[in-house]
Amino acid sequence: MKRAGIAALVAASCFAMTAPTAFANDNPSTSPSETTITQTGLKPGQIKHVWTIILENKSYDATFTGLNQNSYLWKTLPSQGALLTNYYGTGHYSMDNYITLVSGQATSKDLQEDCGVKNFDFGKNSDIITEHTGKTAFDQNDNYGQVKSPAGPNAANGENGCTLPKDAPTLFNQLDAAGLTWKGYAQDLGNQPGREDGLGGAPGKRENNPTTNPKVMKPSDEDKQAGITSFTGAQENDQYVAKHFPFPWFHAITGDDNTGTDSLTKPANGGTMTDKNHIANLDDQTYGLIADLKKPADQVPAFNWITPNNCSDAHDAVCKGNNLSGLFDDNLNPNYNLPLDTAPKNHTGGLYAADLWLRYYIPLIERSAAFKDGGLIDITFDEANPPFYGMSFNNATDDTKVANDAKANEKYQYAAPTMKDFQEGYKQYSAGTFPQAGPMAKNYINADLAGQNINGQDVNWEPEGPNTPLATDKNGNQLYPGSGDNGYITRPPSCDDPQDADLVNADKSNCVPGARNTGSGFSEAEDLDATAKAGTDTIQGSVSVTDIGRKVTGEGIPDGAYVGSVVNEGPNMVATSKDPVTSASFKIVDMQGNPLKTTGDVTEVTLSATGIPGHLNDGETPLSTFDAQDATPGGGDTGSVLISPLIKPGTVVSKYYNHYSWLRTMEDIFQVSKGNDNRKLTAGTVSGGLDGQGHLGFAAQAGLAPFGSDVFTAAATNGNDGHQTGNNANPGNNGQNNNGQNGGSQNGNTQNNANGSQQNIGKTNSQNKSNATQPKSNAQANNASQNTKPLSSTGVAVAGFVALAAVLFAAGLVMFMRRRQHEA
């Protein structure tokens with residue numbers, strides 16, 4: 001019996017050495033023997049490859065309702081996977097969301113304004129908060145691990161800095177420590193010399209760095225002579241913008257000495273975190289996405305971040321450069337034999353251009369060996385902009401067939417203001433008080449809301465962070481912009497900001513003492529070209545819904561005319577980047593909202609200045625987007641689409657998620673807490689995160705839900721290894737018709753082009769002359785890195801076999817000893 005006990009102990013020891021890796025569970029509230037990863041419902045190794053694609057500036061109601069007729073993203077892709085109807089951005093305007101996604105760090109004014117002044121350091125390691133500040137650890141008010149701006153809370157734009165200190169780690173550092181490979185792809189990266197030559201795609205020249213040689217973001221004369229017209233917006237030959245690419249904004253990735261060799265962690269496959277194996281132009285023939293997708297699954301990075309350019313990500317309504325339209329036939333099938341620099345058919349941007357980009361690249365990902373081997377495609381937006389002109393081709397309030405059809409699918413109910421809604425704004429209010437927000441401000445405030453799920457409950461808040469706390473004065477007026485940065489509404493002017501005073505003649509009666517960063521949407525009187533014949537109530541002219549209520553004067557305009565309803569219709573297929581992408585018109589009404597008709601032909605009109613409701617100056621009309629009291633705590637509902645063999649096609653998810661949820665999901669999927677970097681940082685560790693479970697920043701909120709079994713609806717039926725089976729084996733074929741228009745895979749010649757002639761895919765005219773191949777050393781490095789991946793299904797099987805063999809050995813030994821005793 002003694003020998004049997006020893007044998008059993010040996011067996012138990014064998015099982016103990018293998019089981020934790022195979023049956024990992026980071027959720028302390030569940031049994032260690034469970035086989036799922038935290039709350040995701042996934043088994044270790046089921047997801048082996050992730051492609052995250054970040055699009056720009058569209059709300060759920062702009063994208064997933066038909067308002068912009070982007071049928072591929074709106075209909076086709078959700079039919080292949082899951083549509084998250086309540087996925088929220090965490091702020092405005094862009095860059096702060098990218099920072100949040102990969103680090104869990106909250107925002108500051110410089111990040112909210114896309115580092116538009118100068119790229120200098122956003123604090124030092126000593127500015128990271130080292131103590132818990134909430135009532136309980138990781139609660140709503142706990143800023144532990146956040147970088148605090150040296151300039152203080154709600155400091156003005158240009159005073160905070162943009163690049164975070166080295167002890168603020170990112171998901172990519174966690175992947176390094178876990179032995180996993182990753183890559184960041186950016187379309188157009190490096191097209192214009194001197195524009196994004198800094199480490200990781202940072203703005204400026206190679207010698208620019210945020211510590212000793214910060215880049216001023218306004219192009220200098222020298223920059224202009226070199227062909228650089230903007231560092232924060234697209235230009236014709238280079239539509240990349242650094243504000244949409246997270247890698248250059250962390251010293252944890254770029255290091256401190258501007259060599260790239262002293263980053264916080266070292267890549268699993270060697271090199272540096274900013275070399276070509278980790279930061280690449282999307283379409284590079286050797287290091288780009290298409291080149292990587294051709295490789296065997298075990299040579300493709302585990303995590304892939306993809307930033308389309310400022311045209312293809314839906315940011316620009318009109319594209320300054322190529323929108324890829326020249327690559328498609330009349331049925332919107334891509335021709336993969338054409339070079340990527342084929343001249344475009346038009347310069348239309350927005351969701352039209354994003355749909356083209358997705359139609360081109362998503363099928364290539366879905367056909368890859370890596371996607372079929374536990375793949376996950378994640379398509380989301382950084383932030384939600386209201387579904388109105390300037391951010392949408394059509395207004396949610398338009399009385400058109402497109403807008404009326406979309407209403408049935410919209411999350412929010414939108415109302416166009418009437419002249420009656422402006423009457424309160426003409427009254428005189430006492431000092432520091434203002435009318436309630438009108439319909440247009442209420443429409444816009446939806447884009448500034450927050451949402452996530454805490455302890456199983458959907459909540460309409462997110463942590464404010466140390467740099468953008470909210471507060472109100474005694475009259476309920478918002479003093480600070482919050483994470484939502486007063487996104488699309490206008491506040492009362494600040495009594496303390498000279499710029500506000502100069503713009504709207506602010507005085508003690510109409511300003512708010514102590515308010516900061518209020519911004520301004522007030523307009524001076526303006527002339528615009530317009531067209532109308534005599535005797536009509538409709539005028540063609542470049543207006544938007546924010547012009548409703550403005551007084552209209554000019555030849556042919558009757559006295560007492562105002563802008564009534566507005567219609568913007570699009571998109572127009574524009575020939576140049578200067579052409580109008582929508583057709584705009586408005587009706588004229590009197591003060592009571594009754595229709596008026598023009599008294600003669602109209603060629604030009606003047607719109608009145610807008611002013612502070614309740615405190616108007618002579619000649620002003622109330623601003624329709626004015627809102628003194630509603631907070632702007634988040635980035636609004638963008639929606640999100642995920643496609644995977646582990647998701648049932650057509651899944652719809654209503655649970656609240658946000659960028660913090662996304663980060664927590666990625667950390668859990670790749671089990672970063674099992675990484676080997678547990679060095680103590682200023683707060684937390686790389687592998688353990690802040691909470692010891694691998695979660696960084698506000699991804700460590702107590703009770704924050706990652707994507708769960710409501711998203712990964714086929715995880716239980718597709719086995720341990722994430723391989724595709726059954727109806728979900730080829731999502732690219734779902735919804736396919738004879739033209740290949742609705743599905744991810746095309747028929748006929750197009751499909752043959754994609755699968756049989758891949759040597760030409762993604763090449764420019766000049767690059768088609770030779771076929772570059774992946775260097776052998778890089779392929780070997782990728783192979784080596786795969787040996788350190790989280791345990792795959794093969795690992796689970798081996799571990800289980802070893803454990804079973806040990807148990808059987810122990811049982812056999814016990815039987816043998818008993819027989820010997822009996823024989824004795």
*Within region 186-211, count every residue that is out of contact with any helix residue (DSSP H, G or I) (no Cβ under 6 Å at 6 or more places or on another chain), in a loop (DSSP other than H, G, I, E, B) and either on the phi > 0 side of the Ramachandran plot or not β-branched (Val, Ile, Thr) (or both).*
14
*Residue list for region 49-98, restricted to those being at positive phi and surrounded by fewer than 24 Cβ atoms within 10 Å (Cβ to Cβ)*: Gly66, Gln69
*Would you tally the residues in region 112-136 being farther than 13 Å from Pro210 by Cβ and crowded, with 20+ Cβ neighbours inside 10 Å?*
5
*Considering (1) assigned to a loop (DSSP other than H, G, I, E, B); (2) within 20 Å of the chain's Cα centre (by Cα), say which one Thr380 fails and leave the rest.*
(1)
*Any pair with Cβ under 9 angstrom, 6 or more apart, that starts in region 495-514 at a residue that is among the polar types (S, T, N, Q) and ends at one that is modelled with pLDDT under 75*: Gln499/Ser520; Asn510/Val504
*asked:* Can you report the number of residues in region 142-158 which are surrounded by fewer than 22 Cβ atoms within 10 Å (Cβ to Cβ) and touching an Asp or Glu at 6+ places or on another chain (Cβ under 7 Å)?
replied: 6
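Give the number of residues within region 392-415 that are touching a helix residue (DSSP H, G or I) at 6+ places or on another chain (Cβ under 7 Å) and in a loop (DSSP other than H, G, I, E, B). It would help to see each step written out before you state the result.
Quick first cut of region 392-415, residues touching a helix residue (DSSP H, G or I) at 6+ places or on another chain (Cβ under 7 Å) only: 392-397, 410-412, 414-415.
Now drop any that are not in a loop (DSSP other than H, G, I, E, B), which leaves 393-397, 410-412, 414-415.
Result for region 392-415: 10.
Looking for something among the basic types (Lys, Arg), under 23 Å from Gly81 (Cβ atoms) and either in the same structural domain as Pro78 (by TED's automatic domain parsing) or surrounded by fewer than 21 Cβ atoms within 10 Å (Cβ to Cβ) (or both) - is there at least one such residue anywhere in region 330-345?
Just the residues of region 330-345 that are among the basic types (Lys, Arg), to begin with: 345.
Narrowing further to those that are under 23 Å from Gly81 (Cβ atoms): none.
There is no residue in region 330-345 that is among the basic types (Lys, Arg), under 23 Å from Gly81 (Cβ atoms) and either in the same structural domain as Pro78 (by TED's automatic domain parsing) or surrounded by fewer than 21 Cβ atoms within 10 Å (Cβ to Cβ) (or both).
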*For Lys474, are the conditions met, namely being out of contact with any Phe, Trp or Tyr (no Cβ under 6 Å at 6 or more places or on another chain), of a type in the set (Lys, Arg), assigned to a helix (DSSP H, G or I) and outside the structural domain of Thr85 (by TED's automatic domain parsing)?*
no
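Conditions tested, residue by residue: (1) of a type in the set (A, V, I, L, M, F, W, C); (2) in the same structural domain as Leu690 (by TED's automatic domain parsing).
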| site | (1), (2) |
| --- | --- |
| Pro613 | no, no |
| Asp618 | no, no |
| Phe626 | yes, no |
| Ser644 | no, yes |
| Ile647 | yes, yes |
| Gly650 | no, yes |
| Lys655 | no, yes |
| Asn658 | no, yes |
| Arg664 | no, yes |
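Among the residues of region 305-325, are any of a type in the set (Ser, Thr, Tyr), farther than 22 Å from Gly570 by Cα and in the same structural domain as Asn173 (by TED's automatic domain parsing)? Please lay out each step first, then the result.
From region 305-325, those of a type in the set (Ser, Thr, Tyr) are 307, 312, 325; that's our starting set.
If we keep only those that are farther than 22 Å from Gly570 by Cα as well, we get 307.
After this cut, where a residue has to be in the same structural domain as Asn173 (by TED's automatic domain parsing) as well, the list is 307.
Checked against the condition, which is being of a type in the set (Ser, Thr, Tyr), farther than 22 Å from Gly570 by Cα and in the same structural domain as Asn173 (by TED's automatic domain parsing), region 305-325 yields at least one hit.
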*For residues that are surrounded by fewer than 24 Cβ atoms within 10 Å (Cβ to Cβ) and assigned to a strand (DSSP E or B), tally how many sit in region 602-620.*
6
*Got at least one residue in region 619-631 being touching a residue at least 60 places away in the same chain (Cβ under 8 Å), under 26 Å from the mean Cα position of the chain (by Cα) and within 25 Å of Leu528 (Cβ to Cβ)?*
yes
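The values are calculated or read from the model by the stated rules, or taken from the named source; none is laboratory data. Just so it is clear, the model here is predicted, and its values are computed rather than measured. Note that each Cβ is placed from the backbone with ideal geometry, even for glycine, and that neighbours are counted across all protein chains shown.
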